[in-house]
Amino acid sequence: MASVPLWLYTTAGCHLCAQLEATLQALGADVTLTRVEIAFDAQLSERYATRIPVLASASGAEYSLADGEEALPGWLRAQGLEQGVDRTPPARRDSGVEPQGHVMRHGRRFLR
């Protein structure tokens, strides 16, 4: 099966965008991702500034984290990714391993 083209509307330093890319990889999605920088285009900035990261397909369908991470596998399948998409988003899997790169203080997690 051929890789499905998707566009990721993003901007420099977007940690949620990096998180979404990691989720796509963890799901095993066979996609060709084209990153679209919104900062240099007034129309894109106006449309996506408060919504990034946003994935868009060739058909114009869009997915945003606001749709819920649990909706991503279904959205990917609707875009033609029938195989290679684990149905359970990584955040929902119980791996028993704490995320790295943080420190706990007074019961709260802080990134290093």
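Could you tell me the calculated FRET efficiency between TRP7 and GLU69, based on Cβ-Cβ distance and R0 = 30 angstrom, to the nearest 0.05? List each step's numbers first, then the result.
Numbers: r = 19 Å, r/R0 = 0.63.
Once rounded, the FRET efficiency stands at 0.95.
All other residues with a Cβ under 11 Å from the Cβ of TRP75 taken together, and with Lys, Arg as +1 and Asp, Glu as -1, what is their net charge?
On the way: positive: ARG77; negative: GLU62, ASP67, GLU69, GLU70.
Value of the local net charge: -3.
Note down the net charge around ILE38, summing +1 for each Lys or Arg and -1 for each Asp or Glu among other residues with Cβ under 15 Å from its Cβ. It would help to have the intermediate numbers written out before the result.
On the way: positive: ARG35, ARG47, ARG51; negative: GLU37, ASP41, GLU46, GLU62.
Neighbourhood net charge equals -1.
May I ask you to compute the full-extension gain from GLN25 to GLU46, defined as 0.36 nm times their residue separation minus their alpha-carbon distance, rounded to one decimal in nm?
Values: separation 21, 0.36 × 21 = 7.56 nm, distance 2.84 nm.
My answer for the length gained is 4.7 nm.
Every number here is computed from the coordinates shown, using simple stated rules; none is lab data. Computed from a predicted structure; not experimentally measured. Virtual Cβ from ideal backbone geometry, glycine too; neighbours counted across all protein chains shown.
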